[in-house]
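Notes follow once the structure below has been shown.
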Amino acid sequence: MFGLFKSKTSYENISSAEFKNMLDTRKDITLVDVRSEGEARQGKIKGANVINLMSPNFRTELNKLPKDKALLVYCRSGNRSGAACGLASKLGFSEVYNLKSGIIGWDYKLVP
């Protein structure tokens, strides 16, 4: 009823194609992989900062990133990155995007 009961997310879930387009066309972005170092070694998106969501220093490391750039976040399936996006929004990041399918839905090249 008039949107009063809608749950509002403070970030946007986007497709693999939208995520890739932002990486290719925008310069004002910070890319974050919130998986573990071991997971990231199996392949990550080029240019990603690996900051493990499960690390006790995650919040501190995330807070060091520039808040004036769009924050693009991913994990394996989109769940951990969704949690990270929620936290990023609470920390003052104003433009936050989650790769909704995670890396398992990424149809593009990965780097070691």
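Regarding region 95-112, can at least one residue be identified that is part of a helix (DSSP H, G or I) and over 22 Å from Gly38 (Cβ atoms)? First the steps, then the outcome.
Step one: of region 95-112, the residues part of a helix (DSSP H, G or I) are 103-105.
So of that shortlist, the ones also over 22 Å from Gly38 (Cβ atoms) come out as none.
No - not one qualifying residue is present in region 95-112.
Given Asp24, Asp107, which one is exposed (fewer than 12 other Cβ atoms within 10 Å of the Cβ) and touching a helix residue (DSSP H, G or I) at 6+ places or on another chain (Cβ under 8 Å)?
On the way: Asp24 fails: touching a helix residue (DSSP H, G or I) at 6+ places or on another chain (Cβ under 8 Å).
After applying the criteria, what remains is Asp107.
For region 25-34, how many residues are in contact with a strand residue (DSSP E or B) (Cβ under 7 Å, 6 or more places away or on another chain) and either in a loop (DSSP other than H, G, I, E, B) or within 10 Å of Arg76 (Cβ to Cβ) (or both)? Before you say what the answer is, go through the steps one by one.
Of the residues in region 25-34, the ones in contact with a strand residue (DSSP E or B) (Cβ under 7 Å, 6 or more places away or on another chain) are 26, 28-34.
Subsequent filtering for residues that are either in a loop (DSSP other than H, G, I, E, B) or within 10 Å of Arg76 (Cβ to Cβ) (or both) retains 26, 28, 33-34.
Result for region 25-34: 4.
Met54 meets all of the listed conditions (1) crowded, with 16+ Cβ neighbours inside 10 Å; (2) touching a Lys or Arg at 6+ places or on another chain (Cβ under 9 Å) but one, namely (1).
Every read-out reported here was derived from the displayed coordinates using simple, explicitly stated rules and does not represent laboratory data. What you see is a predicted model, and the numbers here were worked out from it, not measured in a lab. Ideal geometry is used to build each Cβ from the backbone, glycine not excepted, and the neighbour counts take in all protein chains shown.
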